[in-house]
Amino acid sequence: MDTNDLGFNSKLIHGGGFKDPLGSATVPIYQTSTFRFDSADHGAACFSGESNGYIYTRIGNPTISALEAQVALLEKGFGGIATSSGMGAVNTIYFTLLGEGAHVVSSAAVYGPSRVVLEQQYSRFGVKASFVNTANIEEIRNAIRPETKLLYIETPSNPTIDITDLRACCELAHQHGIPVAIDNTFCSPYLQRPIEMGADIVLHSMTKFINGHADIVAGMIVAKDEAMYKKLRANMVNIGFNMDPHQAYLVIRGLKTLGIRIERAQANAIKIADYLENHPKVEWVRFPGLKSHPQYELACKQMDGPGCMISFELKGGLKAGKVLMDNVKLAVLAVSLGGVETLIQHPASMTHSKVSAEGKEKAGITDGLVRFSVGIEDLSDIMHDLDQALAKI
Ligand code: LCS
């Protein structure tokens, strides 16, 4: 059976091609740090690449490989590189592509640490970064310099839910010979496959939708071609951003239900976004499924659904937002997103608190912005919870 020909949900169950030699129906946990060689020659062949046998878990492990193959299949790339966390994936990409004097163009609205690490750490090695509104292609065009080595985009962006035109960006970057990395965390491959639209690299915080159960921190990089895959993999291994086999096992388990989890959470999110938009205490709502979203048409074109993330601001700004966050009873007041449970958080003081005031302003992260990650609970319960908390304002 060629798993490439299967539908998405079947790939979630049967993709990746792992076949356990002892017949286990699920991928077992190879809880080992190292692997026995058959002979000295075999060991040497594993290191030289003549044999593809396993060597050492930081370099590779069958449980982790099964997950890498599966996500690469879903993202339609050459190969996957699992990492200890989403930030492990982000830093493997930065470390691989940004050398002394290199310049990166990045979405202004990205997960806080993805931006802060460039500004505060990579800058120590002479790396320069321009943070622009990538939803406006002209801003990218104007930011590109001869020394630009990477275009880094989050779409939809965290937490502003801006949508960037992936096809147009990839075309522009490639005209200048610049590779494009897309953080696909907010969509997962179920809703968006950037490599199909020209991206060279896709990354995920698998902590979110891919694992989906708020019990694991994990990351993944998928490279479109072999050369990029090899470069990224070598750096991940040498820096030690590797995943752990038990972590991989849990992500494989969570991934199986990605499709049904997103379908259900998204159906909830569509109803909740509509409810919020029509609520008298709400100032504005950002959700790709609402016609009021500035890139609604683009979202319909490049995403297979609007997703499960909603950002909004209440009339009364942060003060009102705090009353809401302090009074929800079902939704959990916590950072992270993409799990089965509904989460609410305040980006300006939490996930994006280390971004400078100027950076937040440029990214559109207002003080009053509240982010809602919609879960798979019964819609009536989420609505009731919002109703009673909004009534306290
Ligand atoms: N990329 C995006 C878009 C993210 O949202 C996050 C984490 C990361 C990368 C980093 O992944 P991690 O290392 O945490 O697996 N986002 C978080 C958030 O919005 N709340 O808490 C974590």
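A search for C-beta distances below 9 Å between a residue of region 121-147 that is over 19 Å from Ile163 (Cβ atoms) and in contact (Cβ under 8 Å) with a residue 12 or more places away in the chain and any residue that is part of a strand (DSSP E or B) and charged (D, E, K, R), counting only pairs 6+ apart in sequence or on different chains, returns Tyr122/Lys128; Val127/Lys149; Arg145/Lys128; Glu147/Lys128. Quick check on this structure: which one of Gly126, Gly86 is at pLDDT 95 or above and more than 24 Å from Met220 (Cβ to Cβ)? Of Gly126, Gly86, the one residue that is at pLDDT 95 or above and more than 24 Å from Met220 (Cβ to Cβ) is Gly126. Applying the condition of being part of a strand (DSSP E or B) and not aromatic (Phe, Trp, Tyr) to region 110-137 and asking which residue is farthest from Val355 (Cα to Cα) yields Lys128. Considering region 170-208, and only residues there that are free of Cβ contacts under 8 Å to residues at least 40 places away in the same chain and touching a helix residue (DSSP H, G or I) at 6+ places or on another chain (Cβ under 7 Å), the residue that is nearest to the ligand (Cβ to nearest atom) turns out to be Ile182. Scanning region 242-294 for residues that are farther than 29 Å from Ile13 by Cα, within 24 Å of the chain's Cα centre (by Cα) and not in a helix (DSSP H, G or I) yields a total of 6.
Of all the listed residues (Asp183, Asp274, Asp225), the sole one being in the same structural domain as Ile382 (by TED's automatic domain parsing) and of a type outside the set (A, V, I, L, M) is Asp274. On the given criteria, is Leu290 crowded, with 17+ Cβ neighbours inside 10 Å and in contact (Cβ under 8 Å) with a residue 60 or more places away in the chain? So Leu290 fails the test.
Look at Ile140 and say whether it is buried (at least 21 other Cβ atoms within 10 Å of the Cβ) and more than 16 Å from the ligand (Cβ to nearest atom). Yes; evaluated as a whole, the condition is true for this residue. On inspection, Arg167 passes the criterion of being within 29 Å of Ala108 (Cβ to Cβ), in a helix (DSSP H, G or I), more than 15 Å from the ligand (Cβ to nearest atom) and open to solvent by 40 Å² or more (accessible area, probe 1.4 Å). Selection of region 360-389 for residues being in a helix (DSSP H, G or I) and either within 16 Å of the ligand (Cβ to nearest atom) or surrounded by fewer than 19 Cβ atoms within 10 Å (Cβ to Cβ) (or both) yields Lys360, Glu361, Lys362, Ala363, Leu379, Ser380, Asp381, Met383, His384, Asp385, Asp387, Gln388.
One residue stands out in region 331-354 among those that are away from the ligand (no atom under 12 Å from the Cβ) and touching a residue at least 40 places away in the same chain (Cβ under 8 Å): the one that is nearest to His384 (Cα to Cα), namely Ala331. For region 337-359, indicate whether the set of residues that are hydroxyl-bearing (Ser, Thr, Tyr), modelled with pLDDT under 95 and within 30 Å of Lys256 (Cβ to Cβ) is non-empty. For region 337-359, residues hydroxyl-bearing (Ser, Thr, Tyr), modelled with pLDDT under 95 and within 30 Å of Lys256 (Cβ to Cβ): present. Hey, can you tell me all the residues within region 46-58 that are farther than 13 Å from Gln31 by Cα and under 23 Å from the mean Cα position of the chain (by Cα)? Matches in region 46-58: none. Annotation note: Cβ proximity below 7 Å between a residue of region 247-272 that is closer than 12 Å to His213 by Cβ and a residue that is open to solvent by 50 Å² or more (accessible area, probe 1.4 Å) and part of a helix (DSSP H, G or I) (sequence gap 6+ or interchain) occurs for Lys256/Ile13.
In this structure, Asn211 does not qualify as surrounded by 17 or more Cβ atoms within 10 Å (Cβ to Cβ) and not in a loop (DSSP other than H, G, I, E, B).
When region 108-124 is filtered for residues that are within 12 Å of the ligand (Cβ to nearest atom) and either open to solvent by 10 Å² or more (accessible area, probe 1.4 Å) or in the same structural domain as Thr351 (by TED's automatic domain parsing) (or both), the ones remaining, listed by number, are Tyr111, Pro113, Arg115, Val116, Val117.
The values are calculated or read from the model by the stated rules, or taken from the named source; none is laboratory data. It should be emphasised that the depicted structure is a prediction, and the values quoted were computed from it without experimental measurement. Neighbour counts run over all protein chains shown; Cβ positions are idealised from the backbone, glycine included. Ligands, DNA and RNA are stripped out before the accessible areas are found, and what is left, the full protein with its side chains, is counted by its heavy atoms. Shrake-Rupley method; radii C 1.70, N 1.55, O 1.52, S 1.80 Å.
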